[in-house]
Structure formats: structure tokens, C-alpha cells
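Just below is one structure, and these are the notes that go with it.
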Amino acid sequence: MPKNLQVRDLDEEVVAELKARAARARQSLSTYAGQILAEAVSHPSPDDLLERLKALRELGGGASHEDIMEEIRRIRES
């Protein structure tokens, strides 16, 4: 079941840009913001990813510290 979320204290510029982008996408601000939030949580967080990579390393997955850091950088940039 859908839930409501209220976001307070956003800069006026942020709200204006979100409204403009929502309008260009022919969506309500609520729908547009919901899609942004859904996209943000559709990928593992850097902390979750780090834990997964550490677990693989302990199992002999062979991920080095450098491999882990590179994967975190790649996800942050996407």
C-alpha cells in the first residue's frame, strides 16, 4: 500500500527545479519525486555494497581493498 512522505525545509531553488522537471515529464511533483526516490533506493547503498564485497572476500571471492573501493566509486558515479 502506498505511503505518504513529507519533505520539509527544501531550498526554493530545489523545489522550483523539481517542479520544472516534473512539468517537462508531464508528471505531478509527487509522482516525479517518488520516481527519483524509488531510483535512489533501487541500488545498494555504498555501505551495503561494501559489506557484500567484504563477505565475498571472506569466502575467498578475491576482492581486494582496491576492488571494493573502485566498485563503490563506480556506484556513486552512476
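The values are calculated or read from the model by the stated rules, or taken from the named source; none is laboratory data. Owing to the predicted nature of the structure, the values given are computational and were not obtained by experimental measurement. Don't worry about glycine lacking a Cβ; one is built from the backbone with ideal geometry, like all the others, and counts go over all protein chains shown.
Observations
- Output for the stretch 44-59, where each listed residue is closer than 18 Å to GLU77 by Cβ and exposed (fewer than 12 other Cβ atoms within 10 Å of the Cβ): ASP47, ASP48
- Considering the conditions (1) within 19 Å of LEU5 (Cβ to Cβ); (2) surrounded by fewer than 12 Cβ atoms within 10 Å (Cβ to Cβ); (3) modelled with pLDDT under 90, VAL41 is excluded by exactly one of them, (3).
- The test for being surrounded by 12 or more Cβ atoms within 10 Å (Cβ to Cβ) and either of a type in the set (S, T, N, Q) or over 13 Å from the mean Cα position of the chain (by Cα) (or both) holds for ALA23.
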